[in-house]
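Asks: Attaching a single structure in structure tokens format; questions to follow.
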Amino acid sequence: MHSNTKNHLSNEEIKKLVKINFGNDCEASDIQELKGGMFNAIYAMNRVKEGDTIVLKVGVVPGTRLLTYEQDVMPTEVECYRLIHEQTTVPVPEILTSDLTKQHIKSNYFFMTAMEGVPLSQVSGKMKRSNLDHIKAELAGYLAQLHQIKGSYYGYFTEDPERQYGTWKEAFFQMVEMILQDGKNHHVQIPFDRIRNALKTHENLLEMQNAPSLVEYDCHEGNIFVKQTGGIYHIEGIVDFERAFWGDPAADLPAAFILTDDIRKEQAFLNAYVEASEELSLFSETEVKKYLLYRMYILTIMAAETFRYGWTYGKLQGAWAKKELDKCLQELER
């Protein structure tokens, strides 16, 4: 996918990074750009001597026009993979080495193990309903594990104490206002007042008693890799944690089911999540309203970020996001 945020490297630059990180005798071959992503440049390659396939993820060059929350987010992903490996059995790639110094290229980067399967988005449409329901139940169990990873503050990953919030309500109000300001700065037509009013009207939904949970907030079908065994697809791994934050576990659901306007339609997922979760024993009307509130946020992001895509795709995503955002706001305004 074309995006102005991608920092493309030449094969020569990639081979140099391979030698810097794995030794002068390490040779990379069959370098291919993986074009499905919409933010970073990602390359798969073979290591000749080791006989394996690895992936290089290249961050955005500082100074590139971005949304505010997207500034320097690669350290978030590196930290998430570490926490997930240490505290869960959720299948994620292993980071082989990372470089967040910008010493060798203009951006951060890391190397990780490769997935053998394919993104769920490539096969879900032709998959049997029973198999897809099984995958959704698997996903529910993995998200329940992720949500048991706890942080010490609410909001996006940061070392800045002023952006480490003591309550989820305070953090989420700031997160929404930040994306609205981005929309204004990029001249995107968003219903700013309706969004603020919906947030204020439903602020009681943001009162949380539990500690901040790790929220992936990008666990859609394109970031879930599946692999076929015995004719049945299973989740092989989950990728892309750079948009993660510390917050309400329920916020993960609209990001995972971005095409679903009412989470109650996803019964296979909900039944499994309620069973596996230590946070949620019943999916109540309150949770339905929360889903709409967090869906409002991700749709606002999708509308605001289109400035960096090609004209055709940007226009299509923007139109869809604004249409869905209007529907979501209508529900919240009832």
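The values are calculated or read from the model by the stated rules, or taken from the named source; none is laboratory data. Everything numeric in this text was worked out from a predicted model, so none of it was measured. Cβ placement follows ideal geometry from the backbone for every residue including glycine, while neighbour counts extend to all protein chains displayed.
Asks: Any residue at all in the stretch 169-180 that is closer than 28 Å to Lys35 by Cα and crowded, with 20+ Cβ neighbours inside 10 Å? Step through it out loud before you land on a result.
Replies: Just the residues of the stretch 169-180 that are closer than 28 Å to Lys35 by Cα, to begin with: 179.
With the extra rule that they be crowded, with 20+ Cβ neighbours inside 10 Å, the set shrinks to 179.
Checking the stretch 169-180: at least one residue is closer than 28 Å to Lys35 by Cα and crowded, with 20+ Cβ neighbours inside 10 Å.
Asks: Given Val78, Val60, Val55, which one is outside any helix (DSSP H, G or I), of a type in the set (A, V, I, L, M), closer than 19 Å to Ile238 by Cα and under 19 Å from the mean Cα position of the chain (by Cα)? Can you show your working first?
Replies: On the way: Val78 fails: outside any helix (DSSP H, G or I); Val60 fails: closer than 19 Å to Ile238 by Cα.
Within the list Val78, Val60, Val55, the selection yields Val55.
Asks: Only one of (1) buried (at least 17 other Cβ atoms within 10 Å of the Cβ); (2) closer than 24 Å to Ala303 by Cβ fails for Asn4. Which number is that?
Replies: (1)
Asks: Can you confirm whether the stretch 61-82 contains a residue that is farther than 30 Å from Met178 by Cβ and surrounded by fewer than 18 Cβ atoms within 10 Å (Cβ to Cβ)? First the steps, then the outcome.
Replies: Taking the stretch 61-82 as the starting set, the residues that turn out to be farther than 30 Å from Met178 by Cβ are none.
No: the stretch 61-82 contains no residue that is farther than 30 Å from Met178 by Cβ and surrounded by fewer than 18 Cβ atoms within 10 Å (Cβ to Cβ).
Asks: Now for a different question. Restricted to the stretch 204-213, and to residues that are in a helix (DSSP H, G or I) and either under 24 Å from the mean Cα position of the chain (by Cα) or not assigned by TED's automatic domain parsing to the domain that holds Glu287 (or both), which residue is nearest to Gly166 (Cα to Cα)? Don't jump to the end; show me each part of the working.
Replies: Initially, the stretch 204-213 is screened for residues in a helix (DSSP H, G or I), giving 204-206.
Subset that is either under 24 Å from the mean Cα position of the chain (by Cα) or not assigned by TED's automatic domain parsing to the domain that holds Glu287 (or both): 205-206.
Working: Leu205: 16, Leu206: 12 Å.
Within the stretch 204-213, the match that is nearest to Gly166 (Cα to Cα) is Leu206.
Asks: So, one more: Among the residues of the stretch 104-126, which ones are surrounded by fewer than 17 Cβ atoms within 10 Å (Cβ to Cβ) and in contact with a helix residue (DSSP H, G or I) (Cβ under 9 Å, 6 or more places away or on another chain)?
Replies: Within the stretch 104-126, His104, Ser121, Gln122, Ser124 meet the criteria.
Asks: With respect to Ala256, is the statement that it is free of Cβ contacts under 8 Å to residues at least 60 places away in the same chain and among the small types (Gly, Ala, Ser) true? Even if it seems obvious, please write down each step before you answer.
Replies: On the way: free of Cβ contacts under 8 Å to residues at least 60 places away in the same chain: no; among the small types (Gly, Ala, Ser): yes.
Criteria not met by Ala256.
Asks: Then there is this: Does Ile135 satisfy being modelled with pLDDT of 95 or more, in the same structural domain as Glu324 (by TED's automatic domain parsing) and in contact with a strand residue (DSSP E or B) (Cβ under 9 Å, 6 or more places away or on another chain)?
Replies: Working: modelled with pLDDT of 95 or more: yes; in the same structural domain as Glu324 (by TED's automatic domain parsing): yes; in contact with a strand residue (DSSP E or B) (Cβ under 9 Å, 6 or more places away or on another chain): yes.
Answer is yes for this residue.
Asks: Right, something else. Restricting to the stretch 265-280, and then to whatever is out of contact with any strand residue (DSSP E or B) (no Cβ under 8 Å at 6 or more places or on another chain) and charged (D, E, K, R), can you tell me which residue is surrounded by the most Cβ atoms within 10 Å (Cβ to Cβ)?
Replies: Step one: list which residues in the stretch 265-280 are out of contact with any strand residue (DSSP E or B) (no Cβ under 8 Å at 6 or more places or on another chain), which gives 265-278, 280.
Checking which are charged (D, E, K, R) leaves us with 265-266, 275, 278.
On the way: Lys265: 10, Glu266: 19, Glu275: 13, Glu278: 11.
Checking each candidate, the answer is Glu266.
Asks: While we're on this one: Could you please find all residues in the stretch 144-170 being part of a loop (DSSP other than H, G, I, E, B), over 18 Å from the mean Cα position of the chain (by Cα) and not β-branched (Val, Ile, Thr)?
Replies: Taking the stretch 144-170 and keeping what is part of a loop (DSSP other than H, G, I, E, B), we get 147-149, 151-153, 157-160, 164, 166-167.
Then drop every residue that is not over 18 Å from the mean Cα position of the chain (by Cα), which leaves 152-153, 159-160, 164, 166-167.
Of everything in the stretch 144-170, those that are part of a loop (DSSP other than H, G, I, E, B), over 18 Å from the mean Cα position of the chain (by Cα) and not β-branched (Val, Ile, Thr) turn out to be Ser152, Tyr153, Glu159, Asp160, Gln164, Gly166.
Asks: Here's a follow-up. Filter the stretch 296-325 for residues that are over 16 Å from Glu177 (Cβ atoms), assigned to a helix (DSSP H, G or I) and among the hydroxyl-bearing types (Ser, Thr, Tyr) and give the result.
Replies: Passing the criteria: Thr306, Thr312, Tyr313.
Asks: How about the stretch 34-43: which of its residues are surrounded by fewer than 16 Cβ atoms within 10 Å (Cβ to Cβ) and either at pLDDT 95 or above or in a loop (DSSP other than H, G, I, E, B) (or both)?
Replies: Within the stretch 34-43, the first condition is being surrounded by fewer than 16 Cβ atoms within 10 Å (Cβ to Cβ), and the residues that meet it are 34-36.
Lys35, Gly36 - these are the residues of the stretch 34-43 that are surrounded by fewer than 16 Cβ atoms within 10 Å (Cβ to Cβ) and either at pLDDT 95 or above or in a loop (DSSP other than H, G, I, E, B) (or both).
Asks: Another one. Does the stretch 15-33 contain any residue that is in contact with a Ser or Thr (Cβ under 6 Å, 6 or more places away or on another chain) and assigned to a loop (DSSP other than H, G, I, E, B)?
Replies: no
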